[in-house]
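Okay, structure first, notes after.
The values are calculated or read from the model by the stated rules, or taken from the named source; none is laboratory data. Quick caveat: nothing in here was measured; it's all calculated off a predicted structure. All Cβ positions, even for glycine, are placed from backbone atoms using ideal geometry, and neighbour counts span all protein chains on display. These accessible areas exclude ligands, DNA and RNA; they are computed on the full protein's heavy atoms, side chains included. Shrake-Rupley method; radii C 1.70, N 1.55, O 1.52, S 1.80 Å.
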Amino acid sequence: MAAALSLLLFVAIAVALLVQAGILRSRSFQVISGRNRPARTINLGLWKWPALLFCVIVFLLALVIPLGMCVLLSFLHAFGQGIVPGNFTLDNYSAVFAKGSDDLAALIRTTWLAFGTASVTALIGLPIAFVIRRTHLPGRRLLSLFTLVTIAVPGIILACGYIFAWNATYLQNIGIGGVNGVQFYGTVWILFAAYIGGSLPYATRLGIGALEQVGQNLLDAARVQGARLFQLLAHIVAPLLRANLISVWLLVFTGTMFELAASELLYPPGQPTLPVQIVGYFNNFRHGPGMALAMLDVALVALFLILLRAIPWLITRLVRWNVQRRVKYVSSDTAAH
C-alpha cells in the first residue's frame, strides 16, 4: 500500500519534469563562458531597509529563536523544573564523551557514514549529470527521468525496498546472505548503500542545474584540443563548478547526519546511528541528553562547513603568497645580474 501511494508522488514528479523541460528549452541559462562580465550590485534604494528587516525577521524566527531554545534545553537537568540556576548542568554533554559511551560511538559512526556518503555522491553525481545534460549517449533521458523520479520515493519506502531486495532467499544461490554467504543485510554496508541511493538523485539534479550555467563553447574548445571525457570533467567542469561540488557535499553530509527514516529500519543491531539514538532519548522523555546529542550534531556540521570554506581560502592565499615570493626572487636575481 505504501509503495502504491508513492505512485502519486511519481505522477507529480513527472508533471514537474515536463514543466522543467519546457522552461529549459525556452531560453539559455549559460552564464559561465569565455566572455564573462563581472556581476553588478543592484541598488534597492528605499527598499533596502524593508528588505533588511524582512531578512532579520525570517532569520530570527526560523533559526535564532528555535536554535537558542534547543541549546538552552541541552543544558537543563529536567525540562519540567523550568529555567532556574539549580536546573543547569553539563552532565548531558559529559555523558556523551564518557569512555565507552554508546552516544559517542553513534556520533563517530554517523560521522564516518555521512563523510563517505557525501564524498561518493559528490564524485559520482557530477559525471552522471554531465552524461545526462552534455552527451548524446542512448538512455540518458531515461537516466534523467530515473534520477528525478527517485526523489519522490520516501526514505522509509526506499529502506523497505533495500530490506526486500537484500533479504531475499534467492540471493543465497549466488553467495549472498545465509549462513555461509557474504553478509550484506544487517550490516552497516546496507545502510551506507541506502544513504548513497537516497542522496545521489539530489546530487545529480543539482549538478544538472549547475551545468546549465557552463557555456558549451568552453567544452567544444577543449574537445578541439583533444580533451577526453575525464579531462573535461577533471580540468574544466570540476574547477568551474567547485562551489557547487562543495555545496552538494555539504548538503549530502548534513542530510545524512540527520537521516532518520532509513536509519531506523536498516541500522545494524546494537549499532544505532545518531538520529536513532536521539529519537530514543526523546521517546523516553529524556529531553536533555537527546538535545545535547542534537546540538553536537549541529556543531559538527557547522565545523565541516567552516573547514570547507576556510581550507580553499587558505590554499589560495598560500599559492598566491608563493607566487609573489617567486616573482620577488626572480626580480631581485635579474636586478643583481
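Has region 129-137 got at least one residue that is of a type in the set (Gly, Ala, Ser), within 20 Å of the chain's Cα centre (by Cα) and not in a loop (DSSP other than H, G, I, E, B)?
Checked against the condition, which is being of a type in the set (Gly, Ala, Ser), within 20 Å of the chain's Cα centre (by Cα) and not in a loop (DSSP other than H, G, I, E, B), region 129-137 yields at least one hit.
Do we have any residue at all in region 98-107 that's at positive phi and exposed (fewer than 11 other Cβ atoms within 10 Å of the Cβ)?
Checking region 98-107: at least one residue is at positive phi and exposed (fewer than 11 other Cβ atoms within 10 Å of the Cβ).
Could you count how many residues in region 52-94 are open to solvent by less than 100 Å² (accessible area, probe 1.4 Å) and either touching a Ser or Thr at 6+ places or on another chain (Cβ under 8 Å) or not small (Gly, Ala, Ser) (or both)?
Qualifying residue count for the region: 24.
Within region 165-264, considering only helices (runs of 4 or more DSSP H) that don't extend past its boundaries, which have at least 1 residues that are in contact with a Gly (Cβ under 9 Å, 6 or more places away or on another chain) and open to solvent by less than 60 Å² (accessible area, probe 1.4 Å)?
Answer list for region 165-264: 188-211, 216-224, 242-257.
Based on this model, can you work out whether GLY34 counts as modelled with pLDDT under 90 and assigned to a helix (DSSP H, G or I)? Write out each step before concluding.
Working: modelled with pLDDT under 90: yes; assigned to a helix (DSSP H, G or I): no.
So GLY34 does not fit the description; no.
Residues of region 108-150 being of a type in the set (Gly, Ala, Ser), open to solvent by 30 Å² or more (accessible area, probe 1.4 Å) and modelled with pLDDT of 90 or more, which ones?
Result: SER119, single match.
Just to be sure before I move on: is VAL56 β-branched (Val, Ile, Thr) and not in a helix (DSSP H, G or I) in the structure I sent?
Here the answer is no, as VAL56 does not meet what is asked.
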